[in-house]
Each structure stands twice: as structure tokens, then as C-alpha cells.
Amino acid sequence: MAPKRVNRQDFPEFVGIVFLQQDRNYAKIPLSELKGIAFELSMDLIALFTAAPAAPYAWSLVLAGAVVIASIVPLGAARSQADFTIADMDAPRAMFDRLPAWGKRASWAHQNSFEAFGLHAPAALLALIAALQTGPLPGIAAAVALIQPILRLAYIGAYVGNVAALRGLCWASALFCTGILYVEGLKALLQSA
């Protein structure tokens, strides 16, 4: 069913309704339909991340790499605040002392992101190979594979924001997720041998 078109003067009577602008006319979408659309989108996302037995582990690898790239954003902002110039490219680590306190934490978070990726990538690849060779791994493996990049992203925010307890919790939890991937991947491969 096509949405009902309304004019601008009809705005006040529509509460809880989304308007889509199309040539100065607006489409009225009831909130109940919007919730249905949101549900369908969330189901599509779940299907995307679980389309094949190996999909969560491939996505985990991609998302973990994206987190490493995302860790550049706060570091770049800190360098900008410290008046980073082209001349600093000769020795980018020498400008560390000019960074604000949060910028130093951003630098440490960026470095730690590479270390965490170095541990997580082989675990995700092991789980991916195990899923391809033996079929689906236990649900906990798929869950932790997708939770780990989220925890690492939260870790960066907590580190830059100087929230030590949250940072430690995110770090330990993400490391635990990586450990579970190693265990489940190895179990699956050893049981199939």
C-alpha cells in the first residue's frame, strides 16, 4: 500500500509519524509500519551476519580490522590539536610529548588495537576454517566473534575518555572472546580429525 501524501499545512496533526520529503509533499508513514520496517531491517542484518556457518567469523575479521582503522580517528584529532605539520612526518613519534593527555591515551589505544588485532585475526580465521570444514560452531562462538569488535570499539572510547574501569572490562572481555574463538575452533577441528 502506497503511503498517503499530505501537504505541509497538515504537519500539526501528525504526531509520531515519519515524513519523507518528495517535491514539497510528504509521505505519511504510521509508526506501526515504521516499527515493522525496523524489525525487517534488523532481521536482514542478522541474516547478513549469519548467512553461512562461517559468516560471523568473516565479519568478525572485517569488523576487527575496521576497529583498527577507526582507532586512527581520535589519534588524528589529537595530532590536529597538537599542531601536526608535514615536518612532523619525519618523526611522527617525536610529537608524542606535544599531544594532550587524551591524545596520548588515543595513541596508546591505537597501538593496542594493532596488538589485539594480531591476537584476534588468527582466532577468527581458525573459527572460519573450522566452520567451513566441520559445519556450524556452537552459538557462543558466533556471538563472541561479533561481540569482540564491539568491545574493542568501546575500549578505544573508554581509553581516550579515561574511564579506567570500563577500559579494563572491555579489554579483558574482548580478550576472553578471542580465547573462546580459539577454543571452539580447535575443538571443532580436533573432533573432525
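The values are calculated or read from the model by the stated rules, or taken from the named source; none is laboratory data. Everything numeric in this text was worked out from a predicted model, so none of it was measured. Positions of Cβ are backbone-derived with ideal geometry, glycine not excepted, and every protein chain shown enters the neighbour counts. Side chains are part of the model used for accessible areas, which takes the heavy atoms of the whole protein and leaves out ligands, DNA and RNA. Shrake-Rupley method; radii C 1.70, N 1.55, O 1.52, S 1.80 Å.
Brief remarks on what is shown
- Positions within the stretch 86-103 being closer than 20 Å to I156 by Cβ and open to solvent by 90 Å² or more (accessible area, probe 1.4 Å), in sequence order: R93
- Any hit, the stretch 104-113, residues being buried (at least 19 other Cβ atoms within 10 Å of the Cβ) and among the polar types (S, T, N, Q): yes
- Residue pairs whose Cβ atoms lie under 8 Å apart, separated by 6 or more positions or on different chains, with the first residue in the stretch 155-166 and under 21 Å from A64 (Cα atoms) and the second at pLDDT 95 or above and of a type in the set (S, T, N, Q), are Y155/N112; I156/S71; I156/S113; Y159/N112.
- Residues (in contact (Cβ under 8 Å) with a residue 12 or more places away in the chain and of a type in the set (G, A, S)) located in the stretch 180-193: G185, A188, S192
- Residue in the stretch 10-27 that is open to solvent by less than 70 Å² (accessible area, probe 1.4 Å), at pLDDT below 65 and among the charged types (D, E, K, R) present: yes
- Whichever residue in the stretch 131-141 is assigned to a helix (DSSP H, G or I) and in contact (Cβ under 8 Å) with a residue 60 or more places away in the chain and, among such residues, is farthest from V183 (Cα to Cα): L132
- Checked against the criterion of being within 22 Å of A172 (Cα to Cα), of a type in the set (S, T, N, Q) and part of a helix (DSSP H, G or I), the candidates S60, S80 yield just one match: S60.
- Count of the stretch 142-168 residues which are open to solvent by 20 Å² or more (accessible area, probe 1.4 Å) and outside any loop (DSSP other than H, G, I, E, B): 16
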